[in-house]
Amino acid sequence: MLSLLFSIGIFVLVLSFLVLIHELGHFFAAKQVGITVKEFGLGYPPKAYKLFVWQGTEFSLNWIPFGGFVRMDGEEADPTKRNNQTKKGEFYAANLFQRLYVVLAGATVNFLFGILAFTILFSWLGVPTPVDGARIGYIAPDSPAAQAGVPSSVRVIGFQTNQAAEITLTASPDQVIEFVGAHQGQEVVLVTTGDCVNSTCQDAVAYYPVYLRTQAETPQNEGSLGIAFDQIIFTHFPWWQTPWEATRYGVGESLALGGEILKALSKLGTDLVQRGQLSSELAGPVGIVHQAYTLGILNQGFLMILSFAAMLSINLAIMNVLPITPLDGGKAFFTLLELFVARKHLFKMEYWLSYGGYVGLMLLIVAITIRDVIRLF
């Protein structure tokens, strides 16, 4: 129970921090271009508590604890009475590119935080690098490999069926598995390189007589040899190269994650349109906390929490730039439409679509939350 409460607390803190920096992105961008910010809200209305007022901006807590908002001067006017007359400090007094900058600043901050978090993570752990060949990463206790004294962090070159036989080369984990499967119940010689450091293995060759267990002799969740292979290793660079390499990989990881999120969103849209149902992979705050608790993600120290925060931050960035009102992407879309359509014709359309989008978004959140709660039981 304490572990669950701890996971919930960490999730709330992480999400609150990500929402805060998102809204601060809007806030400072608006200030930079001269737009007056009337309210800075955490959560969605109705308003729960007025915290304080700073430089003419009211900071508030709101009852619906998902997201937040920055309310700028000129945004709340009745769309039926809108015209092109604006006064200094209003949102629509800024030019189109300034407004785009303000609207997209929140998602940009979230994406940049994801890159920064991944950079810190990879600076500490090392940069993930794909492994060539069948490199041993783990040896099960009391397994044939352990009894033969096979070390980890060596690469399997191949096998001999006896000391005099030629080496059957195995260039990949699949080839090792294939050879072992064909020789279960036999004594063979495992041939490896010397110790591997980063992506380089010593040229020395070592020989280990081992017995390949039969399926009946093999414990559950182990193989005949009792070894597991590394798919990636964490490469450490000299200190003067680490920031560049970690940043480069952090950017790549963030872009790749963003692409996976877009694919998942595309599948979500397909399921909704074609099947009229929510994707089984979709989860809301309750589902995310439950998954994180089940996997122990939020109980494994700062670096794991930082990785979780990075992934969640990039998720928020991608979600917010979708061209759907009332998300930032929807507002950016209507801003760009001003290049082709007079602003006065867009006001009413944007208002009603934003209103409908807000209601739809709340209903979606409620539906996902109900489903997540039902799944728990």
Nitroxide proxy distance, nm - points 7 Å out along Cα→Cβ at residue 24 and residue 339: 3.2
Long pairs among 50/348; 31/88; 87/344; 38/87, criterion Cα-Cα beyond 19 Å: 50/348
Top of 136, 233, 120 by mean-square fluctuation, Gaussian network on the chain, Cα under 10 Å: 136
Chain lengthening between residue 96 and residue 53 when straightened (0.36 nm per residue, less Cα-Cα): 12.6 nm
Dipole magnitude of region 130-235, debye to nearest 20 (Cβ charges: Lys/Arg +1, Asp/Glu -1, about Cα centre): 60
Order of 248, 343 - criterion: other Cβ atoms within 10 Å of each residue's Cβ, fewest first: 248, 343
GNM result for the chain, Cα springs below 10 Å: residue of 313, 266, 254 fluctuating most strongly: 266
Residues residue 142 and residue 177, FRET efficiency given R0 of 25 Å [Cβ-Cβ distance, rounded to 0.05]: 0.75
On Cα atoms only, tilt of 343-376 relative to the major axis of the chain in degrees: 40
Residue-count net charge about residue 50 - beta-carbon cut-off 11 Å; Lys, Arg +1, Asp, Glu -1: -1
Cα Rg over Rh - region 197-261, Kirkwood: 1.18
In nm, spacing of pseudo-spin labels at residue 367 and residue 197 (7 Å Cα→C-beta vector): 5.8
Where N is the number of residues in region 130-235, Cα Rg divided by 2.2 N^0.38 Å: 0.99
Size of charge dipole - the chain - debye, nearest 20, with Cβ of Lys, Arg +1 and Asp, Glu -1, no other charges: 2020
Degrees separating the helix 2-32 axis from the principal Cα axis of the chain, which is the longest one: 50
Shape of region 1-133, Cα gyration tensor, a/c cut at 1.5: oblate
Estimated [θ] at 222 nm from DSSP helical runs (n ≥ 4, -39500 (n - 2.57)) normalised by residues in the chain, nearest 500: -16000 deg cm²/dmol
Residue 165/residue 374 FRET efficiency (R0 56 Å; Cβ-Cβ; nearest 0.05): 0.40
Gain in span if fully extended, residue 38 to residue 228, counting 0.36 nm per residue against the direct Cα distance: 62.6 nm
Gaussian network model of the chain, springs between alpha carbon atoms under 10 Å - residue of 317, 182, 117 with greatest fluctuation: 182
Ranked list, fewest to most other Cβ atoms within 10 Å of each Cβ, for 239, 352: 239, 352
Dimensionless Rg ratio for the chain, taking C-alpha atoms and the 2.2 N^0.38 Å reference: 1.33
R0 of 35 Å, Cβ-Cβ distance residue 303-residue 63: FRET efficiency to nearest 0.05: 0.55
Distance (nanometres) between label positions extended 7 Å along Cα→Cβ at residue 291 and residue 217: 4.2
Virtual paramagnetic centre 7 Å along Cα→Cβ of residue 266, amide N under 16 Å, in region 297-333: 319, 322-323
Which of 311, 72, 349 has the fewest Cβ neighbours within 10 Å, and the rest in rising order: 349, 311, 72
Helix 242-270 axis, angle to the chain major axis (alpha carbon atoms, nearest 10°): 70
Net charge of Cβ neighbours under 11 Å - reference residue 191; Lys, Arg +1; Asp, Glu -1: 0
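Every number here is computed from the coordinates shown, using simple stated rules; none is lab data. Quick caveat, the model's predicted, so the values are computed rather than measured. Here the Cβ is made from the backbone with ideal geometry for all residues, glycine too, and neighbour counts use every protein chain on show.
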